[in-house]
Amino acid sequence: MFASPALPLDTLLPWVFATWALCGLGAFVFFRRSRSPRHKRTLWKVLVVAGNAAFLAVVWLAGAPDYLVALAAGVAVIGTRRSIAMTRFCAACGGDHFPMHGPPPATCRRCGAAYPPAGAR
């Protein structure tokens with residue numbers, strides 16, 4: 001693996017937290033106000049991948065051992081795949097559903113419309 005710069009956490013974490021908080025606030029506002037499922041799906045994929053990449057960057061920059069970076073990468077890949085596959089956005093009302101466990105829902109909890117099959121746009 002590549003050598004980590006091992007930045008001090010007291011320097012790194014305030015910047016990471018501030019960036020995370022601003023991105024989270026912006027995403028919250030977008031997902032609550034937008035009614036476009038196409039835009040929501042696109043932004044959701046970008047946010048999930050970018051968030052996991054940022055997590056891995058923090059683990060690496062903090063100077064974690066190689067085995068821990070590899071473990072974190074495996075967990076991030078599984079979490080990314082699961083999050084993208086299970087999240088649904090309703091084409092009828094613009095509602096969203098982010099399940100934490102179990103199979104993805106078949107119908108929208110707001111309006112009752114059927115969600116498209118997994119992988120459909």
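The values are calculated or read from the model by the stated rules, or taken from the named source; none is laboratory data. Predicted, not measured: the structure shown is a model, and the values here were computed from it. Using ideal geometry, Cβ is built from the backbone for each residue, glycine included, and neighbour counts are taken over all protein chains shown. Calculation scope for accessible area: heavy atoms of the full protein, side chains included, ligands and nucleic acids excluded. Shrake-Rupley method; radii C 1.70, N 1.55, O 1.52, S 1.80 Å.
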Worksheet item: In the Gaussian network model of the chain, springs joining C-alpha atoms below 10 Å, which of Ala70, Ala18, Ala106 carries the largest mean-square fluctuation?
Response: Ala18
Fill in: Percent accessible area from carbon and sulfur atoms, the chain, protein chains only, probe 1.4 Å
72
Worksheet, complete the sentence: Most fluctuating of Pro104, Pro65, Pro37 in the GNM of the chain (C-alpha, under 10 Å) is Pro65
Worksheet entry | Estimated vicinal HN-Hα couplings, Hz - segment 82-91 in sequence order (Karplus 6.51, -1.76, 1.60; Gly, Pro = x) | 5, 5, 5, 6, 8, 6, 10, 10, 6, 6
Discussion item. Run the lone-cysteine check on the chain: no other Cys C-beta under 4.7 Å from the residue's C-beta.
Written reply: Cys23
Fill in: the chain: angle of helix 9-33 to the longest principal axis, Cα-based, in degrees nearest 10
10
Worksheet entry | Principal-axis tilt of helix 37-61 within the chain, Cα atoms, nearest 10 degrees | 20
Fill in: Positive dipole terminus of segment 35-121, leading residue within Ala72, Leu47, Ser36 (C-beta point charges)
Ser36
Response to the item:
Which of (1) 0.97; (2) 1.06; (3) 1.02 gives Rg/Rh (Cα atoms, Kirkwood Rh) as computed here? It is (2)
Discussion item. What's the magnitude of the charge dipole for the chain around its Cα centre, counting Lys and Arg as +1 and Asp and Glu as -1 at the beta-carbon? Answer in Debye, nearest 20.
Written reply: 900
Response to the item:
For the chain, dividing by residue count, accessible area per residue (probe 1.4 Å) in Å² works out to 68
